[in-house]
Amino acid sequence: MFKAPRGTADILPEEQVYWRHIEGKAEDTARLYGYGRIDTPAFEDASLFTRSVGEGTDIVNKEMYLFKDRSDNELSLRPEGTASVCRAYLEHGMDNLPQPVKLFYFADIFRYERPQAGRYRQHHQFGCEAIGEGSPMLDAEVISMALNFFSSMGLMNFSLHLNSIGCKKCRPIHMQKLKEYYDPLKKGLCEDCLIRLEKNPLRLLDCKKPGCQEAADAAPKSADFLCEECHQHFQSLIHYLQALDISYVLNPRLVRGLDYYTKTVFEIQPLEGGSQSALGGGGRYDDLIAMLGGKPTPAIGFATGIERIVLNLKSQNVVVPGPAKPTLFIACMGDAARIEALKIAASLRDANVSVIVSTGDRSLKAQLRQANTVGATSAAIIGDDEVKAGTVMLRNMENGEQQEIQPEELKRLLSSQQ
Ligand code: HAM
């Protein structure tokens, strides 16, 4: 027997109500904030991600699904969505449009991670990117959009974690301070952190190993080394968030797992579980478009993990709208009745009535049991007598009442109820 590959999951019909609820709210949120939808390919040149997400990151070093196609092109399944959107922004000359250009996407994302609750090798994101504007006012808008999205789904018990990691002017000073701080502590660090110390000391703040966490608690904070511009940007953002009544947790250890961030970084974390189970995250990436060959263009965005939202909706017992039930179930007995059933179903669907026709030749009892299981509000029963009379027997599935009715009358009745 085959099984779905480790770290992947089937989304079964009974789960779909959650996915439709989330996607519907995501589209509503995107519309309210003026974002247009973009879809990009599931794979790209691997170097797009190496360059943007960064050589020293876990995503690039350990998690990309890399492959060569039959023409020897080095490709990767997308391990995130931002780089692809920036590539499309440049490729399609969106830098010539009025800025910022605001785009949203639903994307399946592939990372070779250690699977656990809420952590998959293929997961799905709803993401938003606003490209071409450097004002902290946009940061506040993007953050409030992310929070409104979560509230609109009925989710509670999450908090906004916020930090600024500075820019290429001030970050090297913080990095140097981190190196000086960590050098004497090397003995207590995990193997990954020893490498991180050489490649990107910022990453040490993010390590989840207990020994490294202790060391990170007292490590120098990026906010203490911001240049004037980054400091002002962060202060203005806080000012806007306060004006919008948005509460936040200043988290000096929030650095995010991707290298392209500058200035503002943020995460939406459930009250229990911390950054390992973040519902969403994002930040500014003012250097990324230039790194990909464009002119310097500031930008900010965020993405949320749909599987994690589903987990939280369930654990918080949020009631989501149920699936649409068929209006009519047609039960039929005998060859002539089967033909009538198909014809009546086609005519009802033309009138926008949802119909399930019983196929095969089970007993009437079995067919009506199925009508109950699928939740049809009524059933039309067709046997030899009905075929002869040119009628159907309409049964109310709630109270069992039956009436003989002409197909045209049935169509008028059901289509008026839509
Ligand atoms: P990220 O934090 O790597 O950011 O992923 C965004 C969200 O995707 C996470 O907060 C989490 O909810 C979900 N997620 C990540 N990995 C997994 C996984 N293995 N299984 C299930 N869910 C997962 C980004 O990807 C950035 N591109 C976000 C961004 C957009 N920054 C700026 N614009």
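Criterion first (aliphatic (A, V, I, L, M), within 16 Å of the ligand (Cβ to nearest atom) and free of Cβ contacts under 8 Å to residues at least 60 places away in the same chain) does Ala278 satisfy it?
Values: aliphatic (A, V, I, L, M): yes; within 16 Å of the ligand (Cβ to nearest atom): yes; free of Cβ contacts under 8 Å to residues at least 60 places away in the same chain: yes.
Here the answer is yes, as Ala278 does meet what is asked.
Residues checked against (1) more than 13 Å from Val255 (Cα to Cα); (2) surrounded by fewer than 19 Cβ atoms within 10 Å (Cβ to Cβ); (3) at pLDDT 95 or above:
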| site | (1), (2), (3) |
| --- | --- |
| His174 | no, no, yes |
| Lys186 | yes, yes, no |
| Asp192 | yes, yes, no |
| Leu202 | no, no, no |
| Cys212 | yes, no, no |
| Glu229 | yes, yes, yes |
| Leu237 | yes, no, yes |
| Leu244 | yes, yes, yes |
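Working only within region 55-92, note down all residues that are polar (S, T, N, Q) and more than 15 Å from the ligand (Cβ to nearest atom). Within region 55-92, Ser71, Asn73 qualify.
Test Ala337 against the criterion of being surrounded by 13 or more Cβ atoms within 10 Å (Cβ to Cβ) and not acidic (Asp, Glu), and give yes or no. Yes; evaluated as a whole, the condition is true for this residue.
Assessment of region 372-383 against the conditions (at pLDDT 95 or above, in contact with an Asp or Glu (Cβ under 8 Å, 6 or more places away or on another chain) and part of a strand (DSSP E or B)) yields at least one matching residue. The residues of region 24-41 that are of a type outside the set (Val, Ile, Thr) and surrounded by 15 or more Cβ atoms within 10 Å (Cβ to Cβ), listed by number, are Lys25, Ala26, Glu27, Ala30, Tyr33, Tyr35. For Ile143, the test of being crowded, with 17+ Cβ neighbours inside 10 Å and more than 22 Å from Asp217 (Cα to Cα) is passed. Summed over region 323-371, the residues that are part of a helix (DSSP H, G or I) and in contact with a strand residue (DSSP E or B) (Cβ under 8 Å, 6 or more places away or on another chain) give a count of 14. For beta carbons closer than 7 Å, sequence separation of 6+ or different chains, a first residue in region 292-306 that is within 19 Å of Phe158 (Cβ to Cβ) and within 6 Å of the ligand (Cβ to nearest atom) and a second that is among the acidic types (Asp, Glu) and not in a loop (DSSP other than H, G, I, E, B), the qualifying pairs are Gly301/Glu129.
Kindly indicate whether Phe126 is within 11 Å of the ligand (Cβ to nearest atom), in the same structural domain as Val255 (by TED's automatic domain parsing) and not in a helix (DSSP H, G or I).
It is true that Phe126 is within 11 Å of the ligand (Cβ to nearest atom), in the same structural domain as Val255 (by TED's automatic domain parsing) and not in a helix (DSSP H, G or I).
Which one of these does Gly360 not meet: (1) surrounded by 13 or more Cβ atoms within 10 Å (Cβ to Cβ); (2) of a type outside the set (D, E, K, R); (3) out of contact with any Cys (no Cβ under 6 Å at 6 or more places or on another chain)? For Gly360, the failing item is (1). The single condition from (1) within 22 Å of Thr262 (Cβ to Cβ); (2) near the ligand (Cβ under 10 Å from one of its atoms); (3) without any contact (Cβ under 8 Å) to a residue 40 or more places away in the chain that Val142 fails is (3).
Pairs meeting the criteria (first residue in region 212-229 and touching a residue at least 40 places away in the same chain (Cβ under 8 Å) and farther than 15 Å from Lys186 by Cβ, second residue assigned to a helix (DSSP H, G or I) and small (Gly, Ala, Ser), beta carbons under 7 Å, at least 6 apart or on different chains) are lacking.
Kindly check whether there is at least one residue in region 91-103 that is over 24 Å from Leu48 (Cα atoms) and buried (at least 21 other Cβ atoms within 10 Å of the Cβ).
As a first pass, look at region 91-103 and keep what is over 24 Å from Leu48 (Cα atoms): 98.
With the extra rule that they be buried (at least 21 other Cβ atoms within 10 Å of the Cβ), the set shrinks to none.
No, region 91-103 contains no residue that is over 24 Å from Leu48 (Cα atoms) and buried (at least 21 other Cβ atoms within 10 Å of the Cβ).
The values are calculated or read from the model by the stated rules, or taken from the named source; none is laboratory data. These numbers were taken from a predicted model, which means no experiment stands behind them. All Cβ positions, even for glycine, are placed from backbone atoms using ideal geometry, and neighbour counts span all protein chains on display.
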